[in-house]
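J.: I have a structure I would like to understand better, so I am pasting it below and will then ask my questions one at a time.
The values are calculated or read from the model by the stated rules, or taken from the named source; none is laboratory data. The shown structure was predicted, so the numbers you read here are calculated from the model rather than taken from an experiment. FYI the Cβ positions are ideal-geometry reconstructions off the backbone, even for glycines, and counts take in every protein chain you see. When the accessible area is computed, the model is the full protein with side chains, heavy atoms only, and any ligands, DNA or RNA have been set aside. Shrake-Rupley method; radii C 1.70, N 1.55, O 1.52, S 1.80 Å.
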Amino acid sequence: MTISRRDVLLGGAAAAALAPIAARAETSEVVIGLIYPFSGASAQQGVDAQKAYETALDVINKDFDLDLPLAKGEGLPGLGGAKIRLVFADHQGDPQKGRAETERLITQDKVSAVIGTYHSAVAVTVSQVCERYQIPFLSADNSSPSLHRRGLKFYFRAAAHDEMFSAAMFDFFDAMKKKGTRIETLSLFHEDTIFGTDSGNAQAKLAGERGYKVVTDIKYRNNSPSLSAEVQQLKAANADVLMPSSYTTDGILLVKTMAELGYKPNAIVAQDAGFSEKALYDAVGDKLEGLISRGSFSLDLAAKRPMVGKLNAMFKERSGKDFNDLTSRQFMGLIIMADAINRAKSTDGDKIREALVATDLPGEQTIMPWKRVKFDEMGQNNDADPVLLQYVGGKFVTIFPPQAAIADAIWPMK
């Protein structure tokens, strides 16, 4: 998919986006920037994200009978019914491109807020630009724990980070051990950007605290052309659990290489990312029956909360896919940001920030299995409860925690 330098403009006249900041509160639209990879190895992530944000845009700008912020009625009542308009920018998976594109969104497209970015490494530079311009940035789908610990005032994350996700994995291991399952040794396998590095560090720390032995801790080069040497190490170590933190192309290469070299671990417990993506399962899903991945979203929740199923159907009509861990967080990211702008009754960055700080959204008014959305002093929501999902029969089922589970874990994986 090709995105022009002027990107994708959704609804309204482009000229209104170039109005002075003071005047924008008077206009009939609010402009929000979305920055994602639309070209390069992760381009599909940008395509899917765009569909998720367009689905949320419909909910906000049109009238729906759903128990979700801004669903009932059209537009933002706090700004006289103003509609949201989205501007998409392509960071190509490059942190410096992300920096430049964010500055362009703010100075040329005059966005009131920015949401992104899939890659945690890009979120670092994007959030720094937003901080400089005092424009709120919502980290919709970045999971690196260090992102919210940099003292930024305009950084917010509603979803869990990898320390929270990893803690859920180790809670699961502990629970399985109590049932008599042998889980003693772990192999950590992570790519070398901030996402993989932070994930590997969190898992190594938790392993030490919980009494598990890390027999292999491999950091590999992101988008590596070969993983043969690394998989040979994993095979030789033969840990009870393989714990990969990889994006989609790396994940596909890992699984293919494991098959070629005859490495079949008892269990794979993945840190989401590529292991939540349809493209990976289309390519190598036949080799992953019983894989477990952490997540933020569970479509099983639709049985208790019918709204989840309705919104998933809307997204699927657009994208041909069900919501997954990434697209569900992206959908909620726009809802949460728009809700704050509505409560701020302003497009001023400081006022939107104040409204985000005051956010207290019950979990029942989201599509997620979260307790609520409430940001701490560092902009992190600590009530975004993770789930563990197992890939069984071509779909994911929730296996942990017990209050969310609809099935017992299959162990070892088939």
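J.: Do the alpha carbons of any pairs in 62/321; 83/310; 51/72; 110/316; 51/351; 153/371 sit beyond 26 Å of each other, and which pairs?
T.: Details: 62/321 22 Å; 83/310 22 Å; 51/72 21 Å; 110/316 31 Å; 51/351 28 Å; 153/371 24 Å.
Distance filter (> 26 Å) returns 110/316; 51/351.
J.: I'd like the carbon and sulfur percentage of the solvent accessible area for the chain, probe radius 1.4 Å, heavy atoms only, ligands and nucleic acids excluded. Before the final figure, lay out the partial values.
T.: Numbers: 7770 of 15530 Å².
It is 50 percent, rounded to a whole number.
J.: Using the 2.2 N^0.38 Å rule of thumb for compact globular proteins, work out how region 298-380 stacks up: its C-alpha Rg over that value, please.
T.: Here the Cα radius of gyration is 1.20 times the empirical estimate.
J.: Under a cut-off of 12 Å between alpha-carbon atoms, report the aspartates and glutamates in cross-link reach of residue 414, not counting same-chain residues fewer than 8 places apart.
T.: 286, 289
J.: Return the single residue from 278, 72, 178 with maximal mean-square fluctuation; model: Gaussian network over the chain, springs between Cα atoms under 10 Å.
T.: 178
J.: Would you work out the charge dipole size for region 313-375 about its Cα centre, treating the Cβ of every Lys and Arg as +1 and the Cβ of every Asp and Glu as -1, and quote it to the nearest 20 debye?
T.: Charge dipole, region 313-375, about its Cα centre: 40 debye, nearest 20.
J.: Count the lysine pairs in region 192-290 whose Cα atoms sit under 25 Å apart, keeping only pairs 8 or more residues apart in sequence or on different chains.
T.: Taking region 192-290 as the scope, the lysine pair count is 19.
J.: Could I ask something else about it? Identify which of 237, 71, 202 has the largest mean-square fluctuation in a Gaussian network model of the chain, with springs joining Cα atoms closer than 10 Å.
T.: It is 237.
J.: Show that you can apply the helix-only estimate: for the chain, add -39,500 (n - 2.57) for every DSSP H stretch of four or more residues, divide by all residues, and state [θ] at 222 nm to the nearest 500.
T.: It lands at -12000 deg cm²/dmol.
J.: Let's test the formula: R0 of 45 Å, r as the Cβ-Cβ distance of residue 44 and residue 236. What FRET efficiency results, to the nearest 0.05?
T.: Working: r = 33 Å, r/R0 = 0.74.
In this case the efficiency is close to 0.85.
J.: If you don't mind, another one. Label residue 364 and residue 289 with points 7 Å out from Cα along Cα→Cβ: what is the distance between them in nm?
T.: Between residue 364 and residue 289, the label points sit 4.1 nm apart.
J.: In debye to the nearest 20, how big a dipole does the chain give about its Cα centre with +1 on each Lys and Arg Cβ and -1 on each Asp and Glu Cβ? Display every interim value, and only then the final one.
T.: Details: 48 positive and 51 negative charges, 14 e Å.
The calculated dipole for the chain is roughly 60 debye.
J.: Follow-up. May I ask you to list the residues of region 282-325 whose amide nitrogen lies under 18 Å from a point 7 Å from Cα along the Cα→beta-carbon direction of residue 210?
T.: Taking a point 7 Å out along Cα→Cβ of residue 210, the residues of region 282-325 whose backbone N falls under 18 Å are 291-296.
J.: While we're here: Would you mind working out the accessible area per residue for region 138-221, using a 1.4 Å probe, and quoting it in Å²?
T.: Accessible area per residue: 37 Å².
J.: GNM on the chain, C-alpha springs below 10 Å: top fluctuator among 93, 46, 80?
T.: Its mean-square fluctuation being the largest, the pick is 80.
J.: Given a Förster distance of 41 angstrom, what is the FRET efficiency for residue 146 paired with residue 408, based on the Cβ-Cβ distance and rounded to 0.05?
T.: Details: r = 35 Å, r/R0 = 0.85.
According to the calculation, E is roughly 0.70.
J.: In the chain, what percentage of the DSSP-assigned beta bridges are antiparallel, given to the nearest 5?
T.: Working: 16 of 49 bridges.
So the antiparallel bridges in the chain amount to around 35 percent.
J.: Let me ask you something else. Could you state the accessible area per residue of region 291-339 in Å², with a 1.4 Å probe and every protein chain left in place?
T.: Value for region 291-339: 30 Å² per residue.
J.: Only one of the values [x] 64, 42, 38; [y] 65, 49, 41; [z] 107, 54, 41 was calculated from this structure for Cα extents along the principal axes in Å; name its label.
T.: [x]
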